[in-house]
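Quick notes on the structure that follows.
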Amino acid sequence: MNRQEIYTSYLERFKKDLVANYDKLGLRASGKFEEELQGEIQRSKANTTKLIMWGAPYSNNLERGRSKNRNTTNELKDAIEGWIEVKRGLPAIFVEKKKQFAFIIARKIAKEGIKVPNEHNAGKVISDVAILYLGEYLFKMMEEIGTDFLKEVDFQADFRNILNVK
């Protein structure tokens, strides 16, 4: 595999592991978290590479919680109505009186915020996976890239340039 393929495979694995942890923690509602995870490989002019995983705007809230903000009640209400429609296991009354429950939930979040961890979210949905990658998979990826790098480099030409040999 070349470097691009190696980077792509590790980004795909990272995404799969994020989704698996998300599901393990019981946080799936609509599936938007999974849909919005997008890997990107960026190369700079200095020929360095960045691997980036873009996520849903609320990913940080899943990880760390949400601070209170009284000005967000109406914005939250719309999002919570959508959540009520797709979340499995809610009592039927939530669906029947969706607007009322969404408003009550949004008002509570706006007043108090959401602390994570809590009884519904143990937290670390992202950081546990990132730590695994930094500690284990990054090393494996570098080993694979090293092999690819050695194939691409013309060491004889490099040594000639260093020693000024023609």
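The values are calculated or read from the model by the stated rules, or taken from the named source; none is laboratory data. The structure displayed is predicted, hence computed values, not measured ones. All Cβ positions, glycine included, derive from the backbone under ideal geometry; neighbour counts span all protein chains shown.
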Out of curiosity, is L90 at pLDDT below 90 and outside the structural domain of G146 (by TED's automatic domain parsing)? no
Filtering segment 1-57 for residues that are closer than 26 Å to P117 by Cβ, surrounded by fewer than 16 Cβ atoms within 10 Å (Cβ to Cβ), in contact (Cβ under 8 Å) with a residue 40 or more places away in the chain and of a type in the set (A, V, I, L, M, F, W, C) leaves a count of 1
How about segment 79-98: which of its residues are more than 20 Å from L27 (Cβ to Cβ) and loosely packed, with under 12 Cβ neighbours inside 10 Å? A92, I93, E96
From the list K68, K45, which one is within 23 Å of M142 (Cβ to Cβ), assigned to a loop (DSSP other than H, G, I, E, B) and charged (D, E, K, R)? K45
From L37, L62, L27, residue being aliphatic (A, V, I, L, M), closer than 25 Å to I126 by Cβ and touching a His at 6+ places or on another chain (Cβ under 9 Å): L27
Tally time: how many residues in segment 79-97 are charged (D, E, K, R), free of Cβ contacts under 8 Å to residues at least 12 places away in the same chain and assigned to a helix (DSSP H, G or I)? 1
When only residues in segment 65-78 that are surrounded by 16 or more Cβ atoms within 10 Å (Cβ to Cβ) and at pLDDT 90 or above count, which is nearest to R107 (Cα to Cα)? K77
Within segment 98-121, tally of residues that are part of a strand (DSSP E or B) and out of contact with any helix residue (DSSP H, G or I) (no Cβ under 8 Å at 6 or more places or on another chain): 1
